[in-house]
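Data first, discussion second: the structure below is written as structure tokens.
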Amino acid sequence: MKVFYVEIENHKKILIEEKEKVYLLESLGYNFKDINDLIASGIDLLKLDLSKAKEVKKTYKILSPIEYPKQDIICVGMNYTDHKDEVELVSKKDFTKDVDTIYFSKRANRIIGNEENIPLNEKITSCLDYEIELGVIIAQDCKNVKSDEATNYIFGFTIFNDLSARDLQTKYKQWYYGKSFDGSSVMGPCILINDGNSDYDNLKLSTKINGEIRQENSTKNMILSVSKMIEDLSKSMTLKKGTIIATGTPSGVGMAFVPPRFLKKEDKIEMKIEKIGVLKNIVR
């Protein structure tokens, strides 16, 4: 099951996709203002009787599933060995691989959605880079959760593009500034609902720029698994429902090429994660 946040005739709605059919959630009597509101309610989407729901066949615009996050996004840095290797070659001073897990946060006043233009932000950076990541959405507040229980606290999964201004990222001691400029977070096209059977530690993921494959890997190669992240993070902080965790990117980012291949105007980005879908954007 997938959940989408969309715009239909100038109204924002929540849609449920199940077995290639799409239904309007409000037709079942639920009038949530957005997916944050849906998550906060705690309802189990998997138990809905969709036979009573209104099927949607008209065209609609897909928005970011969570446009306005309630908190900064939690990010995991350098969580694939091949990415650690490639960025250390760029600058061992800025990206040494001889470190344990790197956690940092990312400000997202608004998250860009599927087929929405990505601003090039030429006034602040000349080194705009892409990073495909599995996004994890927390379903309920959790504290001191063990890894073998972590799946019970996951609402679902999405595709997250952790756009980075590499010149700003390396200029400052911490990564926050170079990761948090307006328009630096992209997410979608949907949230794949966690049904307890999803093998989220073995999902293929890839990035294409103008049709050329730049990144291709699997979440099975993450150094720290999703469950271990939740266990580790929840030791020290309460992960609130609706929290977004970006789990790290594999090799193939623009800054690692010689010469670097940063994003430029009219570049078409396609990010795909198995079972979730494809996130498409154009740089403008």
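The values are calculated or read from the model by the stated rules, or taken from the named source; none is laboratory data. Just so you know, these numbers come straight off a predicted model, no measurement behind them. Because the Cβ atoms are built from the backbone with ideal geometry, glycine has one as well, and the counts that use them run over all protein chains shown. What goes into the accessible areas is simple: the full protein's heavy atoms, side chains included, and nothing from ligands, DNA or RNA. Shrake-Rupley method; radii C 1.70, N 1.55, O 1.52, S 1.80 Å.
Being touching a residue at least 40 places away in the same chain (Cβ under 8 Å) and over 21 Å from Glu115 (Cα atoms): is that true of Gly248 here? Considered against the rule, which asks whether it is touching a residue at least 40 places away in the same chain (Cβ under 8 Å) and over 21 Å from Glu115 (Cα atoms), Gly248 comes out as yes. Before we move on, is Glu17 assigned to a strand (DSSP E or B) and in contact with a Phe, Trp or Tyr (Cβ under 7 Å, 6 or more places away or on another chain)? Spelling it out, Glu17 is indeed assigned to a strand (DSSP E or B) and in contact with a Phe, Trp or Tyr (Cβ under 7 Å, 6 or more places away or on another chain). Is it the case, given these coordinates, that Tyr130 is assigned by the TED database to the domain that holds Asp199, of a type in the set (Ser, Thr, Tyr) and surrounded by 19 or more Cβ atoms within 10 Å (Cβ to Cβ)? Answer is yes for this residue.
Would you check which residues across region 42-70 are in contact with a strand residue (DSSP E or B) (Cβ under 9 Å, 6 or more places away or on another chain) and closer than 20 Å to Leu28 by Cα and list them? Once the filter is applied, which keeps residues that are in contact with a strand residue (DSSP E or B) (Cβ under 9 Å, 6 or more places away or on another chain) and closer than 20 Å to Leu28 by Cα, region 42-70 yields Leu45, Leu46, Leu48, Leu50, Ala53, Lys54, Glu55, Val56, Lys57, Lys58, Tyr60, Pro65. Of all residues in region 108-121, none satisfies being of a type outside the set (Ser, Thr, Tyr), over 23 Å from Lys61 (Cβ atoms) and loosely packed, with under 15 Cβ neighbours inside 10 Å. For region 242-260, which residues satisfy the criterion of being among the hydroxyl-bearing types (Ser, Thr, Tyr) and either outside the structural domain of Ile138 (by the TED database) or more than 15 Å from Ile132 (Cα to Cα) (or both)? Across region 242-260, the qualifying residue is only Thr243. Screening the candidates Ser185, Ser206 for the property of being modelled with pLDDT of 95 or more, under 14 Å from the mean Cα position of the chain (by Cα) and open to solvent by 20 Å² or more (accessible area, probe 1.4 Å) yields one hit, Ser206. Is it the case that some residue within region 85-100 is in contact (Cβ under 8 Å) with a residue 24 or more places away in the chain, closer than 24 Å to Val253 by Cβ and touching a Phe, Trp or Tyr at 6+ places or on another chain (Cβ under 7 Å)? Within region 85-100 (the criterion being in contact (Cβ under 8 Å) with a residue 24 or more places away in the chain, closer than 24 Å to Val253 by Cβ and touching a Phe, Trp or Tyr at 6+ places or on another chain (Cβ under 7 Å)), the answer is yes, since at least one residue qualifies.
Of the residues making up region 129-174, those that are closer than 20 Å to Lys240 by Cα and more than 19 Å from the chain's Cα centre (by Cα) number 10. Inside region 210-266, residues that are under 30 Å from Asn144 (Cα atoms), among the polar types (S, T, N, Q) and either surrounded by fewer than 23 Cβ atoms within 10 Å (Cβ to Cβ) or modelled with pLDDT under 95 (or both) make up a count of 7.
The set of residues from region 23-51 being surrounded by 17 or more Cβ atoms within 10 Å (Cβ to Cβ) and of a type in the set (Val, Ile, Thr) comprises Ile35, Ile39.
Scanning region 129-172 for residues that are acidic (Asp, Glu) and in a strand (DSSP E or B) turns up Asp129, Glu133, Asp162. Of all residues in region 267-276, those being open to solvent by less than 70 Å² (accessible area, probe 1.4 Å) and in contact with a Ser or Thr (Cβ under 9 Å, 6 or more places away or on another chain) number 5. Pairs are defined by a Cβ separation below 9 Å, a sequence spacing of at least 6 or placement on different chains, a first member in region 215-244 that is at positive phi, and a second member that is open to solvent by 30 Å² or more (accessible area, probe 1.4 Å); the pairs so defined are Gly242/Ala40; Gly242/Lys70; Gly242/Gln71. From the list Asn210, Asn194, the lone residue that is in contact with a Gly (Cβ under 7 Å, 6 or more places away or on another chain) and without any contact (Cβ under 8 Å) to a residue 60 or more places away in the chain is Asn194. Looking at Ile209, Ile213, Ile223, Ile245, which is the one that is within 19 Å of Lys106 (Cβ to Cβ) and among the β-branched types (Val, Ile, Thr)? Within the list Ile209, Ile213, Ile223, Ile245, the selection yields Ile245.
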